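Undergrad: Quick one: structure below, then a few questions.
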Amino acid sequence: MINNNKLFIYLAASLSMIIPVPGRVVFCVYILVLFNLIVFLSTLFNHGITLLGFEKYKIGFVAIESIAITIFFKQLIVFICPLIALNLSFILYFPAITSTFLILFMPDDSNSLKNNIVSKMKITLLISVIVFVIQFLRDIIGFGTLTLPSWKKIITIQLPVFFENISLGTFVATIPGCFVLIGIILLVFIQLKKEENKE
């Protein structure tokens, strides 16, 4: 099990991967699919490395594998929607860095591949939900829209809200606004853990 301090560090590191991502839900969807895919495949790959006795090369192998998955995924996005690939560009490599950090950071159960996958995917899915909520808020409050992925295009649904016309709405959609949202989430996390420890 990962302790609270390590979980907090990983949570902060993971959330930082969305800071450069444009404040639209559609971009977040592709980032999160890639993030979860890399963690899942890297966990399998890492387990295989351990069984083969190549643990001392683990960092290099996992890093190369994460980058390879990212390159393949980027080419897939180019095929599905070139506009998404153009907007995300190098940002697609942030999930690779974050997922590699998770694989190397969290302790492994060398005897159970299932336990390794379950423990890592639990953290990854938690991060995914939080990231999606942040991007959802940035899209709605910052732009007054909801953007969804589609074949060769981005679907933009104009919502009957007025947040984008006020300073707060505009701020939320920016990178500093993303920093603030992440900071609030981390503060809530700390407070919840303090309350949990008191019980």
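Undergrad: Answer yes or no as to whether Thr70 is open to solvent by less than 10 Å² (accessible area, probe 1.4 Å), among the β-branched types (Val, Ile, Thr) and out of contact with any Asp or Glu (no Cβ under 9 Å at 6 or more places or on another chain).
TA: The answer is yes for Thr70.
Undergrad: Out of all the residues in the range 17-43, which are at pLDDT below 90 and closer than 18 Å to Leu125 by Cβ?
TA: Met17, Ile18, Ser42, Thr43
Undergrad: Looking only at the range 143-199, which residues are in contact with a strand residue (DSSP E or B) (Cβ under 8 Å, 6 or more places away or on another chain) and at pLDDT 85 or above?
TA: Thr145, Leu146, Thr147, Leu148, Pro149, Ile154, Ile155, Thr156, Ile157, Gln158
Undergrad: On to the next question. Quick one: Lys122 ticks every box in (1) out of contact with any Lys or Arg (no Cβ under 9 Å at 6 or more places or on another chain); (2) in contact (Cβ under 8 Å) with a residue 40 or more places away in the chain except a single one, so which number is it?
TA: (2)
Undergrad: Something else: May I ask you to list the residues in the range 10-40 that are open to solvent by 20 Å² or more (accessible area, probe 1.4 Å) and in a loop (DSSP other than H, G, I, E, B)?
TA: If the condition is that a residue be open to solvent by 20 Å² or more (accessible area, probe 1.4 Å) and in a loop (DSSP other than H, G, I, E, B), then Ile19, Pro20, Pro22, Arg24 are the ones that fit.
Undergrad: Specify the residue that is farthest from Leu159 (Cα to Cα); the eligible residues are those in the range 126-140 that are open to solvent by 40 Å² or more (accessible area, probe 1.4 Å) and not aromatic (Phe, Trp, Tyr).
TA: My answer is Leu126.
Undergrad: Looking at (1) part of a loop (DSSP other than H, G, I, E, B); (2) modelled with pLDDT of 90 or more, which is the only condition Met1 fails?
TA: (2)
The values are calculated or read from the model by the stated rules, or taken from the named source; none is laboratory data. Every value quoted in this text rests on a predicted model; they were computed, and no experiment measured them. Because the Cβ atoms are built from the backbone with ideal geometry, glycine has one as well, and the counts that use them run over all protein chains shown. Heavy atoms of the whole protein, side chains included, go into the accessibility calculation; ligands, DNA and RNA do not. Shrake-Rupley method; radii C 1.70, N 1.55, O 1.52, S 1.80 Å.
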